[in-house]
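> A single structure is presented below for examination.
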Amino acid sequence: MKRLPIVHARNRGSQANRGSQANRWFPSNRWFPSNRDGSPWIARALRITNVRIAAQIFFFALFVFLLWCTWFSRLGGYPVSLFLELDPLVGFATALSTSTVYRWLWRGLFVLVPTLLLGRVFCNWMCPYGTLHQFIGFVFNIRTNAQDIEANRYRPSYQLKYIVLAVFVVLALFGSLQIGLLDPICLLVRSFTVALMPALDAGTLELAERMQAQGLDPELSLLLFAPGAPDARVFAGAWFAGLLLLGLVGMNLVVPRFFCRVLCPLGAFLGVLSRWSLWRIDRDPTKCTDCDLCLKSCEGAADPQAALRKSECFVCFNCIDDCPEDALSFKRAPLPIQDRIVGSLRHGTARLFGRKLISKIPETELRAPQVARRRWVFASLAGVLAYPFLRLSKAVNKRGFDEKAIRPPGSVAEEEFLERCIKCDQCINVCPTNVLQPSTLAEAGLEGLWTPVMDFSVGFCQLNCTLCSEVCPTGAIQKTSIERKLGLKEHKDTGPVRVGTAFFNRGRCLPWSMETPCVVCEEVCPVTPKAIGTYDVDITRWDGSKVTLNRPYMRPELCIGCGICEHECPVLDDAAVYVTAIGESRDANRSLLLKAARKT
């Protein structure tokens with residue numbers, strides 16, 4: 001015991017020498033003073049928690065930048081769906097539901113491998129949704145240190161995310177992909193697309209108008225997420241997406257990292273895997289005084305002051321920073337020490353490798369998630385029962401599908417579409433005409449909620465655009481070339497991609513029902529030859545005037561369902577020409593024309 005001060009003195013001496021050398025390289029000044037222990041400021045700046053914060057800022061900025069690039073004038077080869085492709089739960093669940101790994105979903109290995117080595121580093125180093133929650137919780141935290149310590153203790157309610165994960169995985173096994181409802185990356189992309197970015201664009205445009213009214217000519221197009229859009233983008237259910245975002249983020253004021261700790265299925269997935277991670281936070285009970293200060297900023301409620309819950313630890317390193325006794329460290333495969341303790345904890349004689357045990361808690365690790373086996377079984381049964389509840393919904397049944405469930409061009413058949421679509425709404429984000437909308441319960445049921453459908457009252461499908469197929473990360477919309485979409489060159493025999501068929505409501509059509517000339521639908525029809533023709537009829541109106549009416553009719557063999565006729569129809573509230581999902585070429589069961597009719 002007498003040697004320890006000598007060793008410490010030597011260490012202090014060597015540290016002082018290193019400190020003096022480092023001070024020569026990084027001298028202190030007014031802006032960068034030295035640390036209290038004499039070490040240079042660079043040691044403080046390069047703390048692991050500062051490096052982590054820098055990584056969080058970088059990945060959040062990258063996430064927003066890629067969303068900013070998800071627009072037809074900015075795509076430029078950027079991997080705009082990178083975060084969705086890196087999401088290992090997306091790759092795992094789609095592999096279960098489709099038995100395939102689509103294009104870039106193997107990139108999820110870039111998250112899986114570090115998880116198996118270091119634990120849930122993704123949650124507190126890369127995940128933009130986690131960063132948003134942490135930032136809001138940090139900015140608006142009014143709790144005292146003692147209250148923070150109590151708030152960061154583990155609670156049984158944190159098991160819920162594992163139940164959610166089990167239900168989603170079982171549903172994926174049956175072919176119903178529902179992870180997008182709560183997957184953090186899907187949820188954040190959807191919230192940005194449907195609610196946040198349109199709101200920011202509207203604010204930017206309002207600011208530009210006010211500045212122009214003051215005689216200024218600001219160039220704010222770089223701040224817009226959809227520059228050049230003819231009108232402000234609108235989306236079905238935008239209010240709910242915005243409210244959901246506010247609600248989940250606001251819950252951080254009640255429970256720190258509420259979504260990450262309680263609901264996140266991706267966090268649960270990584271938590272299950274991290275039980276095998278090689279590195280973890282290790283507590284030295286010969287130094288630990290059970291002061292619980294390590295809990296003050298613990299992001300994952302991982303109990304670093306006791307037996308570390310590996311599945312809950314976000315690897316934020318806050319506990320190591322906050323420990324006043326230097327009792328915590330990040331180590332590779334630390335051994336359990338409980339069986340190596342000699343003596344009695346109760347009587348204060350316990351020793352570990354000859355050193356006195358100070359902490360009253362000998363356990364240092366809990367590997368697996370603390371979910372009882374019966375709850376895993378219950379969650380699996382819930383998933384099994386949920387499948388028929390979802391799939392027997394009329395909206396997703398072959399016999400009762402909704403006529404307005406019109407999918408983007410390039411979409412696979414509906415059953416496979418529901419096996420692949422993760423409801424991320426990337427396709428909706430990139431759509432230049434705003435025709436793609438998140439579906440509601442009426443159009444696609446709960447199973448297809450927030451999947452993309454086309455609403456021609458808002459926009460139409462441009463003939464030479466396949467952007468939605470470019471950004472789809474899971475292949476629900478297969479990558480489609482312009483030639484394939486239009487049925488050109490080698491695709492001439494299969495013909496163009498049809499997403500539906502237009503019909504006329506003669507009771508609302510101006511030439512048919514109101515003796516008023518109108519040829520808008522015929523004029524805007526983009527296909528050659530035109531899918532809309534007219535019959536010329538000369539009539540005498542009620543006031544005695546003679547007019548020639550061009551009464552339109554549809555040629556279903558030529559209609560591709562682009563919807564421009566419905567969008568441009570002058571009868572705005574309930575268009576006289578409308579498109580339904582029947583006749584789409586992706587599914588033979590939805591064919592409109594008989595074989596004999598096709599030959600003519």
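> Given the Cα-Cα distance of residue 541 and residue 173 and 0.36 nm per residue of separation, how much length would full extension add, in nm?
Gain on extension, residue 541 to residue 173, equals 126.1 nm.
> Given a cut-off of 32 Å, name the pairs among 423/485; 310/394; 423/530; 161/331 whose C-alpha atoms lie farther apart than that in the structure shown.
The answer is 310/394; 423/530.
> Along the Cα-to-Cβ line of residue 74, 7 Å from the Cα, sits a label point; which residues in segment 211-248 have backbone N less than 13 Å from it?
The answer is 220-229.
> Whenever you get a sec, line up 216, 182 from highest to lowest accessible area (probe 1.4 Å, protein heavy atoms).
216, 182
> Place a +1 charge on the Cβ of each Lys and Arg in the chain and a -1 charge on the Cβ of each Asp and Glu, then give the dipole magnitude about the Cα centre in debye, rounded to the nearest 20.
Around 3380 debye, computed over the chain.
> Still on this model: Please state the charge dipole magnitude for segment 221-336, taken about the Cα centre, from unit charges on C-beta atoms (+1 on K and R, -1 on D and E), reported in debye and rounded to the nearest 20.
Approximately 420 debye in magnitude.
> I'm spelling it out carefully: the read-out is percent of Cα pairs over 42 Å apart, the candidates are (1) 38; (2) 42; (3) 22, and one was derived from this structure. Which label?
Label of the calculated value: (1).
> Could you give each residue of segment 49-54 its phi-based ³J(HN,Hα) in whole Hz, using Karplus coefficients 6.51, -1.76, 1.60 with θ = phi - 60°, and x for Gly or Pro?
Values per residue, Gly and Pro as x: 5, 5, 4, 4, 5, 4 Hz.
> Could you tell me which residue out of 60, 100, 145 lies farthest along the dipole of the chain toward its positive end? Charges go on the beta carbon: Lys and Arg +1, Asp and Glu -1, centred on the Cα centre.
Checking the options against the dipole of the chain, the answer is 145.
> Mind giving me the nanometre distance, one decimal, between the label points for residue 47 and residue 363, set 7 Å out from Cα along Cα→Cβ?
3.0
> In whole Å, how far is the Cα centre of segment 306-371 from that of segment 216-280?
35
> Just want to confirm a number: the relative contact order over the chain, from Cα pairs under 8 angstrom separated by 6+ residues, in percent.
13
> Which FRET efficiency value, to the nearest 0.05, is calculated for residue 338 and residue 380 with the Förster distance at 25 angstrom and r the Cβ-Cβ distance?
Step by step, r from the Cβ atoms, then E = 0.15.
The values are calculated or read from the model by the stated rules, or taken from the named source; none is laboratory data. Not measured: the values here are computed from a predicted model. No Cβ is skipped: glycine too gets one built from the backbone with ideal geometry, and neighbour counts run over all protein chains shown. Only protein heavy atoms, including side chains, enter the accessible area calculation; ligands, DNA and RNA are left aside. Shrake-Rupley method; radii C 1.70, N 1.55, O 1.52, S 1.80 Å.
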